[in-house]
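Student: I'd like to ask some things about the structure below.
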Amino acid sequence: MAESSDLRFKHLHPRTSQKPEAELAPDEHSPERQSIDLEPLTPESGKSSRFSRRSFLSGLGATGLLAGAAPLVQAAPSVAPAAQEAADSAGTSTVTLRINGKEYKLSGLDTRATLLDTLRERIHLTGTKKGCDHGQCGACTVHVNGRRVNSCLSFAVMHEGDEITTIEGLGQPGNLHPMQAAFVEHDGYQCGYCTSGQIMSAVALLKEPIGPGDEDIKHAMAGNICRCGAYSNIVAAVRQVRQA
């Protein structure tokens, strides 16, 4: 072991007199020769190394990154502008809706858009309210060809050519519909969120074949929910207009 240590660190010792060639070149099968061969190469003092472990790892990482990215770049298909435009327009349609006596041409309308969302978000007629969005509360009631419809359950593209009336087309301040005036007179609202749907249903039932009593009115208005509980006032307002 001592001899082996001396051989490993002999370059750190000051040079001594030359030894015989036999000692400097041990047999290639001897332990001393095997120990020397296993040691890493050390650059000579005074000379800078051209190749380091850091540069080797950096080059290896960059090569691997380029090799992995090349197949991805080749695999990405090029999409023609016309094909992309066709894909973007899939599922849309151009529809002309007649609302409150005025025509609205809507291009790029999603075929899945409900009449309620189209009225509020595309045409900005926000008097029609979104309540449950499941056709259970009646806040979204509008008239289509004179009949009341839950607009949250109807697609807008279905109504091209129909006459659609919203609360904005029923009356305006200073020129209220008799039903609107009756709701004001009888306090047929509290928070007011359901009021537009209540009035639209009440106006539609004036043309429907229902009985004359209050129970008939309640049954006809059952699809419109008032969470504030102003039902008795609503019935009074409807009764007044029916008897006028």
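Student: Assuming T114 fulfils every condition listed in (1) under 26 Å from A236 (Cβ atoms); (2) out of contact with any Ser or Thr (no Cβ under 6 Å at 6 or more places or on another chain); (3) among the hydroxyl-bearing types (S, T, Y) apart from one, which condition is it?
Tutor: The single condition T114 does not satisfy is (1).
Student: Looking only at region 140-186, how many residues end up being in contact with a Cys (Cβ under 9 Å, 6 or more places away or on another chain) and surrounded by fewer than 16 Cβ atoms within 10 Å (Cβ to Cβ)?
Tutor: Going through region 140-186 one residue at a time, the tally reaches 1.
Student: Look at C137 and say whether it is surrounded by 19 or more Cβ atoms within 10 Å (Cβ to Cβ) and in contact with an Asp or Glu (Cβ under 8 Å, 6 or more places away or on another chain).
Tutor: When the stated conditions are applied, C137 does not pass them.
Student: Please give the helices (runs of 4 or more DSSP H) falling wholly within region 148-215 in which 3 or more residues are in contact with a Ser or Thr (Cβ under 7 Å, 6 or more places away or on another chain) and outside the structural domain of G127 (by TED's automatic domain parsing).
Tutor: Helices (runs of 4 or more DSSP H) meeting the threshold: none at all.
Student: Turning to a different aspect of this structure: Starting from region 91-110, keep only residues that are assigned by TED's automatic domain parsing to the domain that holds E160, then list their pairs with residues that are basic (K, R) and loosely packed, with under 11 Cβ neighbours inside 10 Å whose Cβ atoms are within a distance under 6 Å, requiring at least 6 positions of separation or different chains.
Tutor: T96/K105
Student: So which pairs qualify, if the first residue must be in region 162-176 and within 14 Å of M200 (Cα to Cα), the second must be among the β-branched types (V, I, T) and surrounded by 15 or more Cβ atoms within 10 Å (Cβ to Cβ), the Cβ gap must be under 6 Å, and the two must be at least 6 apart or on different chains?
Tutor: Pairs that qualify, where the first residue is within 14 Å of M200 (Cα to Cα) and the partner is among the β-branched types (V, I, T) and surrounded by 15 or more Cβ atoms within 10 Å (Cβ to Cβ), are I164/I99; I164/V144; T166/T128; T166/V142.
The values are calculated or read from the model by the stated rules, or taken from the named source; none is laboratory data. Note that this is a predicted model, so its numbers are computed, not measured. Note: ideal-geometry Cβ built from the backbone for every residue, glycine included; neighbour counts use all protein chains shown.
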